[in-house]
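Enquirer: After the C-alpha cells below, expect a handful of questions from me.
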Amino acid sequence: MQKIEETTYLYEIAKVLTETIDLRKSLYSVLEILSRSLGMRKGTITILNPLRDEIQIEVAHGLSRSAMQRGRYKPGEGITGKVIQQGKSLVVPKISEEPSFLNRTASRRQTQEEISFICVPIKKGQQVVGSLSVDLPYDDTVDLKASERLLTVIATMLAQWVINLETLQIEKEALHQENLRLQEQLATKHRITNIIGNSNKMREVFQMISQVCRSNATVLLRGESGTGKELVANAIHFNSPRAKNTFIKVNCAALPSTLIESELFGHEKGAFTGAIKQKRGKFELANKGTIFLDEIGSIGLDVQANLLRVLQEKEFERVGGTQTIKVDVRIIAATSKNLEQAVEDETFRGDLYYRLNVFPIYLPPLRERKTDVLLLADHFLELYAGENNKDIRRLSTPAIDMLMQYHWPGNVRELENSIERAVLLCEGGVIRSYHLPPTLQTGEQSDTVPTRSLEEATASLEREMIIDALKNTRGNMAMAAELLQTTVRKFTYKAKRYGVDYRQYR
Ligand SMILES: Nc1ncnc2c1ncn2[C@@H]1O[C@H](COP(=O)(O)OP(=O)(O)OP(=O)(O)O)[C@@H](O)[C@H]1O
Ligand SMILES: [Mg+2]
C-alpha cells in the first residue's frame with residue numbers, strides 16, 4: 001500500500017476513534033476502514049478477560065454472532081492465544097499450511113480461497129490487553145511485513161479504547177456477580193425451611209407451598225393476623241421460577257379506594273388533580289414477577305371490578321388512560337377476613353372470590369398448634385440473643401409453661417415480640433417467667449383482667465428460683481440454699497410450701 005493512502009486511512013481511524021462515543025461502535029468502524037484499505041476478509045479485536053483468564057472476541061467484521069461467541073481462547077492457545085501470551089505479532093502467509101491454526105470460529109471451513117493471517121497484540125505499556133487480527137486473501141505480491149507494521153500502529157491507537165472496554169466489562173461482571181450474590185441471599189432468607197413448624201397442620205402447609213410454588217397459580221393465603229401469611233408469600237415467590245424477577249407487595253388496607261386504583265394500575269398525566277406526570281402501577285412494575293396483594297378483603301367494590309379483569313385477562317388500563325396494558329404477573333393474595341361472609345354481605349364480589357380462591361392455603365392460629373410454640377420460641381430466642389449479643393441458652397421450665405398455657409391471640413408475631421422483649425430484659429443465661437410480658441402472666445389479656453397480686457408474683461418467682469437451684473445442684477438442698485444465699489432451714493420451708501420435692505431433681 002502506498003504511504004499516502006496509509007496516512008489517509010490512519011487519519012480516518014483516528015477520526016472515528018475520537019468522534020464516536022460508543023466504544024464498541026468506534027472499534028467496529030475501525031475494522032470497517034481496515035476492510036476497505038487492506039481488502040481484508042475478516043477482522044477481529046479480542047480482549048483478555050483477566051478475571052476469567054480468557055480471550056474473547058469483542059468486535060468482529062465478517063463474522064456471525066454465533067461465530068464470535070465460539071471464539072474463546074485461553075492465553076497460549078492457537079495463534080491469537082500465542083500473540084497475547086508472548087506479546088509479539090505473528091504473520092501466517094498461508095493458513096492452510098499452519099498446524100496451530102485452530103479455526104475455532106469455524107468460519108473458514110467452506111472457503112476455498114487461501115488466506116493470510118496477521119495478528120498483532122494490543123498493549124497497555126508492557127501488559128497485553130488484547131489483539132487485533134485480520135484475514136487477507138493470499139497474494140504473493142503483497143508485502144505482509146508492511147501490513148503487519150501498519151496493524152501494529154493501529155493497535156497502538158486502539159489500546160486506550162480496548163482498555164476502556166475491558167474496564168467496562170470488568171465492572172459489568174462485578175455487578176453481575178453482586179446481583180447473583182444478592183439473589184442468593186434473598187433465596188436463602190426466604191427458604192421454606194426458614195418457616196418454623198413441625199405440627200401436622202404446618203406440615204400440610206409446607207406440602208402445599210411446595211406443590212404450588214413451581215406453578216403460576218393464584219394463591220390465597222388465609223389466616224389470623226400474625227400467622228405468617230407474608231412469610232409464606234415470600235417463600236412462594238422466592239422458590240418459584242419467577243424468583244429472579246420482582247416481588248411487589250401492596251397493602252390494600254393502607255390506602256383509600258381512590259389511591260389504590262392508581263397504585264395498582266398507574267395513571268396518565270392529568271388523570272386527576274395531583275396527577276402531574278404519568279405513573280406506572282404495581283402491576284406493571286411486577287411484570288414477569290409476583291404481586292402480593294395483602295389484606296385483599298379490604299379492597300373496595302369499584303377496584304374489585306378492575307382487579308377481576310387483571311386476573312381473568314391479565315390486562316388493564318392506567319387510570320385516565322386508553323391504552324390496554326398486558327402483563328405477566330403471578331398473584332398471591334392474603335386476608336385475615338372472612339371472605340365468604342363478605343360475599344354474602346355483598347361487600348366482596350363473588351366472581352372475584354372464586355378467581356382468587358384457586359389455591360387457598362390456610363395458616364392455622366398458633367393456639368391450634370401448641371407443639372410449634374416451643375420450636376418457635378427457641379428459634380426466636382436464638383435469633384434475638386444473637387442480634388443482641390447475649391449468651392442466653394434456654395427458657396426456664398416455668399417460662400415454658402407460661403408460653404404453653406397462653407392462647408396467643410396475636411399468633412407468631414406476638415410470640416416473636418414476647419421473646420424479643422424477654423431477651424432484652426434478661427441479664428443471665430436463662431429466660432425466666434418474669435421476663436415474659438404481663439399479658440402472659442395471667443393467661444388473659446392485661447386490659448381485661450388485672451395482673452396478679454404481688455404475693456402471687458413473688459411466690460411464683462421464689463418457686464422458680466428454688467427449682468432452678470435444685471436442678472443446678474442435682475437436688476442437694478444445702479448447696480441449693482447456699483446458691484441462693486439463704487439458710488437450709490428457710491430453703492426447706494419454702495420448698496415444702498411450694499410443693500417442690502428435692503428428690504425429683506437427683
Ligand atoms: N412459622 C413461622 N416461622 C418463623 N417465623 C414466623 C412464622 N410465622 C410467622 N413468623 C414471623 O411472625 C411475624 C408475623 O408474620 P407475618 O407478617 O408473615 O404474618 P401475617 O399473617 O402477614 O400477619 P398480618 O395479617 O398481621 O399481616 C413475622 O416476623 C414472621 O417472620
Ligand atoms: Mg401480613
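Enquirer: Would you call residue 329 surrounded by 13 or more Cβ atoms within 10 Å (Cβ to Cβ) and at pLDDT below 95?
Expert: For residue 329, the condition - surrounded by 13 or more Cβ atoms within 10 Å (Cβ to Cβ) and at pLDDT below 95 - is not met.
Enquirer: Further question on the same structure: Return a yes/no flag: does region 177-190 have any residue that is touching a helix residue (DSSP H, G or I) at 6+ places or on another chain (Cβ under 9 Å) and either buried (at least 19 other Cβ atoms within 10 Å of the Cβ) or farther than 30 Å from residue 234 by Cα (or both).
Expert: yes
Enquirer: Looking at region 447-493, which of its residues are assigned to a loop (DSSP other than H, G, I, E, B), at pLDDT 85 or above and within 19 Å of residue 432 (Cβ to Cβ)?
Expert: Keep residues of region 447-493 that are assigned to a loop (DSSP other than H, G, I, E, B), which gives 447-453, 473-476, 484-487.
Those still in the list that are at pLDDT 85 or above too: 473-476, 484-487.
Within region 447-493, 473, 484, 485, 486 meet the criteria.
Enquirer: Every residue in region 205-235 that is touching a Phe, Trp or Tyr at 6+ places or on another chain (Cβ under 9 Å), more than 16 Å from ligand 2 (Cβ to nearest atom) and part of a helix (DSSP H, G or I), please.
Expert: If the condition is that a residue be touching a Phe, Trp or Tyr at 6+ places or on another chain (Cβ under 9 Å), more than 16 Å from ligand 2 (Cβ to nearest atom) and part of a helix (DSSP H, G or I), then 208, 211, 212 are the ones that fit.
Enquirer: Can you confirm whether residue 218 is within 26 Å of residue 305 (Cβ to Cβ) and either of a type outside the set (A, V, I, L, M) or free of Cβ contacts under 8 Å to residues at least 60 places away in the same chain (or both)? Quick ask: steps written out before the conclusion?
Expert: Values: within 26 Å of residue 305 (Cβ to Cβ): yes; either of a type outside the set (A, V, I, L, M) or free of Cβ contacts under 8 Å to residues at least 60 places away in the same chain (or both): yes.
Answer is yes for this residue.
Enquirer: Quickly run through region 342-396 and pick out the residues that are in contact (Cβ under 8 Å) with a residue 60 or more places away in the chain, in contact with a Ser or Thr (Cβ under 9 Å, 6 or more places away or on another chain) and assigned to a helix (DSSP H, G or I).
Expert: Result: 355, 356, 366, 368, 371, 372, 375.
Enquirer: Suppose we filter region 236-279 for residues that are surrounded by fewer than 21 Cβ atoms within 10 Å (Cβ to Cβ), touching a strand residue (DSSP E or B) at 6+ places or on another chain (Cβ under 8 Å) and part of a loop (DSSP other than H, G, I, E, B); how many remain?
Expert: Number satisfying all stated conditions: 10.
Enquirer: Provide a single number: the residues in region 272-305 that are within 16 Å of ligand 1 (Cβ to nearest atom) and farther than 15 Å from residue 328 by Cβ.
Expert: Matching residues across region 272-305 total 8.
Enquirer: Here's a check for you: in region 318-345, which residue that is touching a helix residue (DSSP H, G or I) at 6+ places or on another chain (Cβ under 7 Å) and farther than 22 Å from residue 253 by Cα is farthest from ligand 2 (Cβ to nearest atom)?
Expert: The residue in question is 325.
Enquirer: While we're here: Out of 125, 130, report the one residue that is farther than 23 Å from residue 39 by Cβ and touching a Ser or Thr at 6+ places or on another chain (Cβ under 6 Å).
Expert: 130
Enquirer: Which condition number in (1) in a helix (DSSP H, G or I); (2) within 16 Å of ligand 1 (Cβ to nearest atom) is the one that residue 310 fails?
Expert: Residue 310 satisfies all of (1) in a helix (DSSP H, G or I); (2) within 16 Å of ligand 1 (Cβ to nearest atom) except (2).
Enquirer: So residue 239 passes all but one of these: (1) within 16 Å of ligand 2 (Cβ to nearest atom); (2) under 21 Å from residue 189 (Cβ atoms); (3) under 20 Å from the mean Cα position of the chain (by Cα); (4) of a type outside the set (Lys, Arg). Which condition number does it fail?
Expert: Unmet condition: (1).
Enquirer: Mind checking which residues of region 9-49 are of a type in the set (Gly, Ala, Ser) and in contact (Cβ under 8 Å) with a residue 40 or more places away in the chain?
Expert: The answer is 14, 26, 39, 43.
Enquirer: Turning to a different aspect of this structure: Which one of these is farther than 14 Å from residue 43 by Cα and exposed (fewer than 13 other Cβ atoms within 10 Å of the Cβ): 64, 100, 89?
Expert: 100
Enquirer: Residues to consider are 207, 169, 177, 183; find the one that is free of Cβ contacts under 8 Å to residues at least 40 places away in the same chain and either on the phi > 0 side of the Ramachandran plot or away from ligand 1 (no atom under 16 Å from the Cβ) (or both).
Expert: 177
Enquirer: Another question, if that's okay. Which of the residues that make up region 217-239 are modelled with pLDDT of 95 or more and touching a Cys at 6+ places or on another chain (Cβ under 7 Å)?
Expert: Result: 236, single match.
Enquirer: Suppose we keep only residues that are hydroxyl-bearing (Ser, Thr, Tyr) and part of a loop (DSSP other than H, G, I, E, B) within region 313-340. Which one would you say is nearest to ligand 1 (Cβ to nearest atom)?
Expert: The selected residue is 336.
Enquirer: For region 43-61, what are the residues that are within 22 Å of residue 157 (Cα to Cα) and surrounded by fewer than 21 Cβ atoms within 10 Å (Cβ to Cβ)?
Expert: Of everything in region 43-61, those that are within 22 Å of residue 157 (Cα to Cα) and surrounded by fewer than 21 Cβ atoms within 10 Å (Cβ to Cβ) turn out to be 49, 50, 56.
Residue-wise test of (1) within 38 Å of the chain's Cα centre (by Cα); (2) small (Gly, Ala, Ser).
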site: 15; (1), (2): no, no
site: 30; (1), (2): no, no
site: 33; (1), (2): no, no
site: 57; (1), (2): yes, no
site: 96; (1), (2): no, yes
site: 105; (1), (2): yes, no
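Enquirer: Restricting to region 288-299, count the residues that are away from ligand 2 (no atom under 16 Å from the Cβ) and crowded, with 17+ Cβ neighbours inside 10 Å.
Expert: If we filter region 288-299 for residues that are away from ligand 2 (no atom under 16 Å from the Cβ), which is where we start, we get 288-289.
From what's left, crowded, with 17+ Cβ neighbours inside 10 Å: 289.
Of the residues in region 288-299, 1 are away from ligand 2 (no atom under 16 Å from the Cβ) and crowded, with 17+ Cβ neighbours inside 10 Å.
Enquirer: A follow-up question, please. Given the residues 155, 159, which is the only one that is at pLDDT below 90, away from ligand 1 (no atom under 15 Å from the Cβ), of a type outside the set (Asp, Glu) and on the phi < 0 side of the Ramachandran plot?
Expert: 159
Enquirer: Here is a further query. Restrict the check to region 373-386 and report whether at least one residue is more than 25 Å from residue 204 (Cα to Cα) and either of a type in the set (Phe, Trp, Tyr) or loosely packed, with under 14 Cβ neighbours inside 10 Å (or both).
Expert: yes
The values are calculated or read from the model by the stated rules, or taken from the named source; none is laboratory data. Just so it is clear, the structure is predicted and the values come from calculations on it, not from any experiment. We place every Cβ from the backbone using ideal geometry, glycine too, and count neighbours over all the protein chains shown.
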